[in-house]
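Asks: The structure under discussion is supplied below as C-alpha cells; questions concerning it will follow.
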Amino acid sequence: MPQTKYLSTGEFAKIMNTTKETLFHYEEMGIFYPDHVGKNGYRYYSIHQTDSLDMIMMLRDFGVPLKEIKKSMEHADTAHLLDLYQNEIQSMEQKIQLWKSKLYWLHCQKEQLEFLTQVPEDTVITNEQKQRYYFMEHSVSGSDIDIETKYSILFEKYNDLQTPFGYIMAFRHPSLDILQDQLKPPHDILLFLNKKPSKRIGLHILPAGTYLSVYFCVDNGHSQKAGRLLKDYANKHQLKLASYFYEFYYANKISITSDLDYYTELTVQILS
C-alpha cells in the first residue's frame, strides 16, 4: 500500500476537526467508511473523502438525524440530495428569523433598562414615540384575579404570533379619571409589542406623536402623584391631552417578587 496516498484515522480526524471516535461511530452506523483497511485492521482515509465527511458533519450540525443522512446516502441520487438541502435551507431560515427576534428582544431590554436608570424619577419629560401596537382585554371588575385572567388571554395571543420579540405590560386609564385625581382600578388590560408583527389581526394602535411621561418605582399612591405631575404640567403649558393615559411596567431585575421590582411609566399623548 503506498503510504503517501492515505491518512491514518488520527491524521484524517485532525484535518477534519473531528475525533477518531466519531469516525468509528460513523463506520458502525454504515454512513462513512475508510477508503482502505489494512491487514492489521488499521483504517486509512483518502483526501478525496473530505467532501463526503464535510457534508455529513454539516448536516449533523443542522440537526439532521444520522438515520436520515444514511437514507439519503443509500438513495445516492441528486434529486433526493436536493430535497434534503432544500428542507435544511427552509429550516435554517426559520431558525435565523427566530434568533434575529431573540437578538432584537435583547437589544430592546438593554435599551429600556439603560434609559430607565438614567431618566430622572418623578420628573415630567416630553418624548417622541413611534407608532406602537398592542393587544387589549377589558376587565369588568378590575380585580387582581380578573386582571391575571385577562393577561393569560393576552399572552396566548402573543404566543400565537410565534415571534418572541418581546412585550410590555400596561394599563389604560381614562384621562378624566387622572385629571380629577380619581384613579380607579384598571379595566383596560394591555400587552404592547416591542416590534410591529407581520400578523396584525386583533391589534390596536397607539399613534406616533409627542407624549408627556413620568417615570417612577411603583408603590401605593405613586400613580396618583404621577398623574398630578402630568396634570399640573399640562395646565401650566396649556396643553390639550388625549383621551387616555397609559401605564407601562418595566421589569428592573430578573427576580420579580413585588410591584417594587418594576419601573413604571405614566404617559399621555399631547394633541396640541
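Just so it is clear, none of the values below were taken in a lab; they were calculated from the coordinates. From a predicted model like this one, the values you see are computed outputs, not experimental measurements. With ideal geometry, Cβ positions are generated from the backbone for all residues, glycine too; neighbour counts draw on all protein chains shown.
Asks: If the only charges are +1 at each Lys and Arg Cβ and -1 at each Asp and Glu Cβ, what is the size of the charge dipole of the stretch 1-92 around the Cα centre, to the nearest 20 debye?
Replies: With only Lys, Arg, Asp and Glu charged at Cβ, the dipole is about 380 debye.
Asks: Separate question: What residues from the stretch 41-74 fall in the zone where the backbone N is under 11 Å from a label point 7 Å along the Cα-to-C-beta line of Glu11?
Replies: Under cut-off, by backbone N: 44-47.
Asks: Report, as a whole number in µm² per second, the diffusion coefficient that Stokes-Einstein gives for the stretch 103-238 at 20 °C and 1.002 mPa s using the Kirkwood radius over alpha carbon pairs.
Replies: Using the Kirkwood radius from Cα pairs, D works out to 130 µm²/s.
Asks: Two decimals is fine: what's Rg over Rh for the stretch 1-143, C-alpha atoms, Kirkwood radius as Rh?
Replies: Answer for the stretch 1-143: 1.32.
Asks: To the nearest 20 Debye, how big is the dipole of the chain about its Cα centre, given +1 on the beta carbon of each Lys and Arg and -1 on that of each Asp and Glu?
Replies: Using Cβ point charges on Lys, Arg, Asp and Glu, the chain gives about 480 debye.
Asks: May I pose another question? Along the charge dipole of the chain, Cβ charges K/R +1 and D/E -1, which of Asn127, Tyr250, Ile178 sits furthest on the positive end?
Replies: Most positive-ward Cα: Asn127.
Asks: For the stretch 1-118, what's the relative contact order in percent, using C-alpha pairs closer than 8 Å and at least 6 residues apart?
Replies: This gives 18 percent for the stretch 1-118.
Asks: Another question, then. From the cross-link list Lys130/Lys231; Lys100/Lys157; Lys95/Lys130; Lys196/Lys236, which pairs have alpha carbons spaced over 30 Å apart?
Replies: Exceeds cut-off: Lys196/Lys236.
Asks: Kirkwood hydrodynamic radius of the stretch 142-205 from all distinct Cα pairs, in Å?
Replies: Across the stretch 142-205, the inverse of the average 1/r is 13.2 Å.
Asks: Return, ordered by residue number, the residues of the stretch 103-146 whose backbone nitrogen is under 12 Å from a label point located 7 Å along Cα→Cβ of Thr210.
Replies: 126-129
Asks: Let me ask you something else. Points 7 angstrom from Cα along the Cβ direction at Gln129 and Ser52: gap in nanometres?
Replies: Result: 6.3 nm between the two label points.
Asks: Separate question: For the charge dipole of the chain, defined by +1 on Lys and Arg C-beta atoms and -1 on Asp and Glu C-beta atoms about the Cα centroid, which residue among Val140, Gln238, Asn40 has the Cα displaced farthest towards the positive pole?
Replies: Gln238
Asks: Moving to a separate point now. May I ask for the distance between the Cα centers of the stretch 189-248 and the stretch 50-82, given as a whole number of Å?
Replies: When both Cα centres are located, 55 Å separates them.
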